[in-house]
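Take a look at the structure below.
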Amino acid sequence: MTGPVRVFAVGQRTDVSILALLLAPVLAAAGAWWVGSTVGYGTLTAWVRGTWAGTDPAVAVFLAVGALVALAAVSAAINSGLLPTYVLVSAPVFGAAVTRYGTTVTYSWGTEVVSLPDAVGVALLLALGFGLPLAVSGFVLGRLLRRVVTVLGGRSGPHSPVDHS
């Protein structure tokens, strides 16, 4: 890929994109650790369902969403790559959701312990379903922020080779 498509997808600087991709597993592990050691998967799902339906909004969900959108905005403002921004933002969602592993779920036919493949599959779907909208929202905000800073900073166009001294 070359030109504007490469910048849009991967970012302006490959080293920053690689750094974002290397930071993603750390954020996934941090999300899994936080959910697993503090609140638990059951509480997390109750918070998300209550916030989504509006029946019992949880401040922690709003704070997490705000932090992930801010992370996406910073990533997009610095590097402009949608794919690294998406991976960076969806990693904590994946980590939090993979803590479903080993829990007991109740179906209409009975109860079952969640296997690792099932936990990873559901975590991937949740990372896509929740991570993508958060990443795109933050990406748009970050690109707007970058543009505003560029315009207000006086670097909105190419530099002129003519010296006006």
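Observations
- Single match in Ala32, Ala20 (criterion: closer than 18 Å to Ala123 by Cα, under 16 Å from the mean Cα position of the chain (by Cα) and in contact (Cβ under 8 Å) with a residue 12 or more places away in the chain): Ala32
- Leu144, sole failed condition from (1) without any contact (Cβ under 8 Å) to a residue 12 or more places away in the chain; (2) closer than 15 Å to Ala28 by Cα: (2)
- Among (1) modelled with pLDDT of 90 or more; (2) closer than 19 Å to Val136 by Cβ, the one test that Gly81 misses: (1)
- Residues (within 18 Å of Ser37 (Cβ to Cβ) and either small (Gly, Ala, Ser) or under 12 Å from the mean Cα position of the chain (by Cα) (or both)) located in the stretch 84-102: Ala91, Pro92, Val93, Phe94, Gly95, Ala96, Ala97, Gly102
- Top-ranked residue of the stretch 1-15 - restricted to ones that are assigned to a helix (DSSP H, G or I) and either of a type in the set (Gly, Ala, Ser) or within 11 Å of Thr85 (Cβ to Cβ) (or both), ranked as modelled with the lowest pLDDT: Gly3
- Number of positions in the stretch 47-102 that are small (Gly, Ala, Ser), assigned to a helix (DSSP H, G or I) and open to solvent by less than 30 Å² (accessible area, probe 1.4 Å): 11
- Selection over the stretch 31-40 of residues that are closer than 22 Å to Leu128 by Cβ and open to solvent by less than 40 Å² (accessible area, probe 1.4 Å) gives a count of 3.
- Qualifying residue in the stretch 149-164 (condition: at pLDDT 90 or above, assigned to a helix (DSSP H, G or I) and surrounded by 12 or more Cβ atoms within 10 Å (Cβ to Cβ)): no
- For beta carbons closer than 7 Å, sequence separation of 6+ or different chains, a first residue in the stretch 106-132 that is modelled with pLDDT under 90 and a second that is surrounded by 15 or more Cβ atoms within 10 Å (Cβ to Cβ) and not in a helix (DSSP H, G or I), the qualifying pairs are Val114/Arg100; Val114/Tyr101.
The values are calculated or read from the model by the stated rules, or taken from the named source; none is laboratory data. Treat the numbers as computed from the prediction; the structure is a model and nothing was measured. Counting neighbours? That spans all protein chains shown, and the Cβs are built from the backbone with ideal geometry, glycine included. Note: areas computed on protein heavy atoms with side chains; ligands, DNA, RNA excluded. Shrake-Rupley method; radii C 1.70, N 1.55, O 1.52, S 1.80 Å.
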